[in-house]
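S.K.: The structure follows.
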Amino acid sequence: MAWKQFQFKDQTVFVRVLATGKPIVHRGRVEMRYRVGATKSYRAAPDNLIETEGEILPDEDFGGAPVPAVSSQAVREDPVKPAGPSTIVIHTDGACSGNPGPAGIGVFIERPDAEGAAITEHSEFIGEGTNNIAELTGILRALEMLKPEEQATHVLLYTDSAWSLGVLVGGWKAKANLELITAIQERMKSLPDVELLKVRGHAGNSGNEEADALATMAVRRESSTTRTRRRSKTPPAAP
């Protein structure tokens, strides 16, 4: 995790950010401290922040109250290792009609092969739940859907849930859903090359839109489906 300098109501503050320098928004608020080394955090609306020039400070350089680490990762949007020919790319999402209410998950997996990408689409109704339960269940199910021979494969798993990433790899303290969080972390111990990454929701990312549609369909139909299909190669352009 890291911090970056911003202006907030004519004061200089430091805000918790992604590795890219973008503020981490949790439940509509950012975490903010008033000076380097400060131990007390405040919550503020991101709309009131004005970005300034300044370096990104990792926790060890910022000082102040330590942040417990639950993983060697950090909340980020860009992978440490870029996707290669054998990388599996996964998008997950959760949906809830009411909070709590009927909930569903969507998992969209792209497995590359010699003839194009093999696509797995998983839409699952999980009964009554909250948004956070749905988001976490989507991540867990995606990890469970990896085949035994894929345990050492490079996997990029994207979610638009900043809260899920915060409690899984960002060091946030969770007060609920601890069983789900622990199950994901235990599963990841057997998957050494999986990266959990943040993607902007409803921003035109095709994988995120697919996962969202699958989760929404599960809630609407109150049913579960899984199908695998092969994406055709793009035909060559006409001469």
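S.K.: Exposed loop trypsin sites (Lys or Arg not before Pro) only (DSSP loop, at most 14 other Cβ atoms within 10 Å): please give the longest stretch of the chain free of them, not including the sites.
M.R.: Counting at most 14 other Cβ atoms within 10 Å as exposed, the longest clean stretch of the chain is 41-172.
S.K.: Which value in deg cm²/dmol, rounded to the nearest 500, describes the helix-derived mean residue ellipticity at 222 nm for the chain, given -39,500 (n - 2.57) per DSSP H run of n ≥ 4 and division by the residue count?
M.R.: Using -39500 (n - 2.57) per qualifying helix, the result is -6500 deg cm²/dmol.
S.K.: Same structure, new question: Report, in debye and to the nearest 20, how large the dipole of region 88-230 comes out about its Cα centre when Lys and Arg carry +1 and Asp and Glu carry -1 on their Cβ.
M.R.: Computed about the Cα centre, the dipole is about 220 debye.
S.K.: In terms of the ratio Rg/(2.2 N^0.38 Å) built on C-alpha atoms, what value belongs to the chain?
M.R.: 1.09
S.K.: Can you tell me what percent of all Cα-Cα pairs in region 136-176 are more than 17 Å apart?
M.R.: 40 percent
S.K.: Pop a pseudo-label 7 angstrom from the Cα along the beta-carbon direction at both A19 and L57 and give the gap in nm to one decimal.
M.R.: Those two pseudo-labels are separated by 2.1 nm.
S.K.: Further question: Out of all Cα-Cα pairs in region 2-61, roughly what percent, to the nearest whole number, are more than 18 Å apart?
M.R.: Cα-Cα pairs in region 2-61 separated by more than 18 Å: 22 percent.
S.K.: Separate question: Could I have the simple spin-label model distance between Q185 and N48, label points 7 Å from Cα toward Cβ, reported in nm to one decimal?
M.R.: With each label point 7 Å from Cα toward Cβ, the separation is 3.2 nm.
S.K.: While we're here: In the chain, if the dipole is taken from +1 on Lys/Arg beta carbons and -1 on Asp/Glu beta carbons about the Cα centre, which of L157, F62, H91 is farthest to the positive end?
M.R.: Final value for the positive-end residue is F62.
S.K.: Helix 206-221: angle to the longest alpha-carbon principal axis of the chain, degrees 0 to 90, nearest 10?
M.R.: 70 degrees
S.K.: What is the angle, in °, between the Cα long axis of helix 178-188 and the longest principal axis of the Cα atoms in the chain? Nearest 10 is fine, range 0 to 90.
M.R.: 70 degrees
S.K.: While we're here: Please get the size of the charge dipole for the chain, origin at its Cα centre, with Cβ charges of +1 on Lys and Arg and -1 on Asp and Glu, quoted in debye to the nearest 20.
M.R.: In total the dipole reaches around 360 debye.
Each reported figure results from applying straightforward, stated rules to the coordinates on display, with no laboratory input. Quick caveat: nothing in here was measured; it's all calculated off a predicted structure. Here the Cβ is made from the backbone with ideal geometry for all residues, glycine too, and neighbour counts use every protein chain on show.
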